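What follows draws every value from the coordinates through simple rules; no lab data is involved. Values in this document were obtained by computation on a predicted structure and should not be read as measured data. Cβ placement follows ideal geometry from the backbone for every residue including glycine, while neighbour counts extend to all protein chains displayed.
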Amino acid sequence: MNDNVPEISSEEAEEAIIGAILLDAEKVLPIAIKHQLTKACFTTIPRQTVWDIAVSLKFEDKPIDMITVHNYAKERGIDAEIVPIVLTEMTNSVITVSHTEYYIELIKEKQMKREAAVKINIANTELSGEKSFSDIATELKFELDSIAGKVEKELSKEDIVANIMENSKKATNDGCVGIPSRWMKLQRKIAGYKRKKLAIIAARPSIGKTTFALNEARVMAEKGHSVGIISLETDVEEIYETMAADKAKVDLFKRANEGWNDNEHMRFELALKDVVKLPIYISDKSKSIQHICNWIEFMNTKYNLDVFIVDYIGIITPADSEARMSERQLISRWSKQLFRVAKDCNIAGIVLAQINRSGEAPANAKIEERWKHVPKLYNLKDSGALEEDAYHVMLLYNEPTESDMSSASKIPFIIDVAKHKRGPKGQVKMVFNRDIQRVSPLAE
């Protein structure tokens, strides 16, 4: 073992497992293999040797006991003096075969701690180098997570059937499998935001994608869903202000310009107090993708998140190790990481993105020809990976038949469900009310 790694082991557990295998290999060895016990889980060469011999005998369909293990060792030139002594010690240490699962878990726990100690030692040496503390900390977190992931058990076929039937039952009772949208017209298109999947909300600046996401978040939380928001552009006070204005139906522009009356102040204050109590958890600090994924995983552990929202992917802070990557490479990398964390944490992900300028009608385009220039999937800025990784892609753009709406308070726009892996695509007409920070279906 590495001199810098502390002695982390359980002599009793290691000896007990080997002894239990020698006493009743038919029962014990399959359990050990099922729990992914390996040679590396044992801390001495003699125990590792006996483990290897027992596994080899199993796959050769031969009996496993002290005599066959000893003979196998002699035939292959393994130290004949050590094996009998080790076998005797291990057999004498066994308490009962029924305790093997406990000992296996104990051995694996010690092995994970040894692996973690190695990673921590590496991080310690890097602290005196040029690498930033942020990169060291986030990389260490990923390394430790990967060690912990080794003990995850695959779902049995019975579990898979139960999960699928549970989803069917949920769809019958709740109207959808995922987290439902606030707006029924959109809900009929997307059938909810799916756990383990990403929904991309893409638009040109000032269309209202942040308001769209915050409107969804507030109503999700009011229905009991836990929502994590990583806001890289809007500060936490403005987020709560936006949600409270939506709930209270008060005009934020009026407040800034001429002030509210007493009734408006009271409605807003009551709405704000309600909103801050909701299960919505916000980070408004600049973050790298590793920071974001770590934050989501931590908040999921603490608050059991149902949804996370990233606003928006194009302004994630590159890590030092990403400094030489192009913007397209960065967004592709970040998209993959967000997809991974949604899947690993069983959370629905909503990721805001931008549409590039080619998805915008030229200034001199005639109104009747603006339909020719509405955004398409290939207009997602800087990466096709967003389209590839997403379960839903919704493109938000101004109603093409409207003239310049830059000074309007109510802006008609379209949500184009341009990708839906297992459902319909199509358009939903909406209106963005800037003054009260609310998105609503357009009355038809």
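General observations
- Averaged over residues, the count of other Cβ atoms within 10 Å places the peptides 39-47, 320-328, 53-61 in the sequence 39-47, 53-61, 320-328, highest first.
- Among TRP295, TRP260, sorting on how many other beta-carbon atoms sit within 10 Å of each Cβ, with the fewest leading, yields TRP260, TRP295.
- Label-to-label distance, nm, for residues given as PHE59 and ILE45 (7 Å Cα→Cβ offset): 2.3 nm
- Sorted by Cβ density within 10 Å, fewest first, the residues ASP24, ASP389: ASP24, ASP389
- Compared with the alpha-carbon gap, the fully stretched path from GLU7 to ASP135 is longer by 43.3 nm at 0.36 nm per residue.
- Length released on extending from ASN163 to ILE122, taking residue separation times 0.36 nm less the Cα-Cα span: 10.7 nm
- Arranged from fewest to most other beta-carbon atoms within 10 Å of their beta carbon, ILE8, ILE230, ILE17 become ILE8, ILE230, ILE17.
- Using a Förster distance of 41 Å, the FRET efficiency for LYS425-GLN36 (Cβ separation, nearest 0.05): 0.45
- For LYS169, the lysines whose Cα falls under 24 Å of its own Cα, not counting residues fewer than eight places away in the same chain, are LYS157, LYS185, LYS189, LYS194, LYS196, LYS197, LYS223, LYS343, LYS421.
- Label-point separation, GLU222 to GLU101 (7 Å along Cα→Cβ), nm: 4.6 nm
- Residues GLU238 and SER146, FRET efficiency given R0 of 30 Å [Cβ-Cβ distance, rounded to 0.05]: 0.25
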